[in-house]
């Protein structure tokens, strides 16, 4: 038996004797399942249920299913959106909900393209940002369209005895709780001494919610439900709603039978529907794009459900009881399957906070990041970068699902790469390369957005190879190889084509123009960034391995590039440099900003002789000693922890994971806060989960001991089950 199984057995001998449990090992991909009943998963999860006792703009809560999310205030619905606008906004978003601002112009990427000549004489076009004239107008339209759409605001209308609406500050005795185990948000508060209870669930198969409202205010006709529908918003970071253009869209009320209506929405070329079912009362238009659901008189309880869809519901909507049962079963299945990590036996004072972050990050990534598209960095709560998603972030959004034995949640988004394959091929051909060049800031159709940084990035290119390998490790079948081989091989073709041979040293280089993951370096002057070099080696080697698995001959071009890749640049004082073209970069503070991405070459990626451990250890200590943390991002700290773990520095791994800096803040609702502009940041949550899984279950080549990434100092008692080793 593996030593980590023995460790758990020793730690929990008494429990195992009484529960009569067994252990098993899945040797397919080095997954170890510890004692099956060793962790009380319900206790683990529910001790981190979220309680809110006052209006807090940063503590809004969400329900959802990966394709759809609904975010609420302290009333349990979206009653006070203005109050939360500059915090974590009250969003209603679905993966399918997008809007295009109409224009009479026919903008294309050629309108904003500049051309660079490479060292070898190749002329490569890049769509970049402009600010003036037609180029500026084209830049704005291409970046902001399509934008993700807020589908509608559903809130309470609460009235005082004098008929005035109740301001949020006058809600009293607030107690709101998100039950993570059931997906239920229960909100209790008082209005002028009268109690109100709102129970909310999100459906796990349909894009909708259901609520039960209980209050004496119903009999007094002082509580109604409001439905408001906005126009699209082309703002960079915002709630995704625009109330200023009511004449630019239409909302049509269609009666669908007793106690059920359908609202048809038309915003330029976008059409969708909101179907509403209620337990009694009347549904009527109050003003343009605003409707009120008035509960039937005589009862102190009322229920309704609402489902959003691009085509409209053809059947009766699920009522509150059906939605409740669906949510409870769906969440129990989620929490009782997949991995779990329990820190409750630890005496390190940081352990409980780490466990809280881990549990809440699982909940948030399930509802925000587990859809058919790669998620945007703010998920389905609010818009950032106009609602578009960034493919280099897909690693952080998705890898943890595989490591936590929830591979299907990663696989849901992988067919999207196949759907946009033709556009990625066209981009590569346009730039003079073979294979496929994947976009950076993109939309459901795979359209690139002009950017003076994003279009030069390359570290997203090998991601699909890494994802495919994760799938194969858990499903090592010919069917897996056939399903992903075209993506793997076309990606490798681009990577081999992108690397340029230099006769002076006989090496293949990653040449300018490019911008590395540490985005401060200018594209025309940057060569051979270390993480990208290591990732190129990984991707090409893995693609060759896939050919071998399929019984295909070695690709000679890939082999040539792989065998002759340039080494990582090293400084005079034995540190890895962030760019071979900037040899003095580590001596100057201006380069100690943004992502310390050099550590990813010995953190995200498997250990190889290509990266020397002693040099990377020196580099890690130098970065940890002196870096401008205010310029970093939420996933940098888990990345550093992963590097520290591989380097045999578990104390530093924990220190990095819990570094006390602003960008590593986790709000009461579990979201990773960055700054006043980017209030939530899901790559941080996903990175945290990947790092913790790796530190607990280990990685290929890890020391053969329990939880190899955590300190063996007696302060950390980490129990885990159902995790997969990291490559």
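Of the residues screened, residue 151 is one that is closer than 30 Å to residue 268 by Cα, assigned to a loop (DSSP other than H, G, I, E, B) and under 30 Å from the mean Cα position of the chain (by Cα).
Just one of (1) in a helix (DSSP H, G or I); (2) out of contact with any helix residue (DSSP H, G or I) (no Cβ under 6 Å at 6 or more places or on another chain); (3) not assigned by TED's automatic domain parsing to the domain that holds residue 232 fails for residue 105. It is (1).
When you scan region 608-623, how many residues do you find that are part of a helix (DSSP H, G or I) and more than 22 Å from residue 675 (Cβ to Cβ)?
The total comes to 10.
Scanning region 298-330 for residues that are assigned to a strand (DSSP E or B), more than 25 Å from the chain's Cα centre (by Cα) and buried (at least 17 other Cβ atoms within 10 Å of the Cβ) turns up 302, 303, 304, 305, 306. Looking at region 510-531, can you tell me whether even one residue there is touching a strand residue (DSSP E or B) at 6+ places or on another chain (Cβ under 8 Å) and under 29 Å from residue 551 (Cα atoms)? No, there is no match, as no residue in region 510-531 is touching a strand residue (DSSP E or B) at 6+ places or on another chain (Cβ under 8 Å) and under 29 Å from residue 551 (Cα atoms). The residues listed here are 652, 663; of these, the one that is assigned to a helix (DSSP H, G or I), surrounded by fewer than 24 Cβ atoms within 10 Å (Cβ to Cβ) and touching a helix residue (DSSP H, G or I) at 6+ places or on another chain (Cβ under 6 Å) is 652.
Output yes when any residue across region 453-467 is more than 23 Å from residue 605 (Cα to Cα), at pLDDT 95 or above and either crowded, with 22+ Cβ neighbours inside 10 Å or touching a helix residue (DSSP H, G or I) at 6+ places or on another chain (Cβ under 6 Å) (or both), and no when none is. It would help to see each step written out before you state the result.
Looking only at region 453-467, we keep the residues that are more than 23 Å from residue 605 (Cα to Cα), and these are 453, 455.
Remaining after also requiring at pLDDT 95 or above: 453, 455.
Remaining after also requiring either crowded, with 22+ Cβ neighbours inside 10 Å or touching a helix residue (DSSP H, G or I) at 6+ places or on another chain (Cβ under 6 Å) (or both): 455.
Yes, region 453-467 contains a residue that is more than 23 Å from residue 605 (Cα to Cα), at pLDDT 95 or above and either crowded, with 22+ Cβ neighbours inside 10 Å or touching a helix residue (DSSP H, G or I) at 6+ places or on another chain (Cβ under 6 Å) (or both).
Being out of contact with any strand residue (DSSP E or B) (no Cβ under 9 Å at 6 or more places or on another chain) and over 28 Å from residue 719 (Cβ atoms): is that true of residue 432 here? So residue 432 fails the test. The conditions of being in contact with a helix residue (DSSP H, G or I) (Cβ under 9 Å, 6 or more places away or on another chain), without any contact (Cβ under 8 Å) to a residue 60 or more places away in the chain and assigned to a loop (DSSP other than H, G, I, E, B) are not met by residue 716.
Being touching a strand residue (DSSP E or B) at 6+ places or on another chain (Cβ under 8 Å), at pLDDT 95 or above and not in a strand (DSSP E or B) is the requirement here; does residue 205 meet it? No: the conditions fail for residue 205.
The values are calculated or read from the model by the stated rules, or taken from the named source; none is laboratory data. Only a predicted model underlies this, so the values are computations on that prediction, with no experimental measurement involved. Note that each Cβ is placed from the backbone with ideal geometry, even for glycine, and that neighbours are counted across all protein chains shown.
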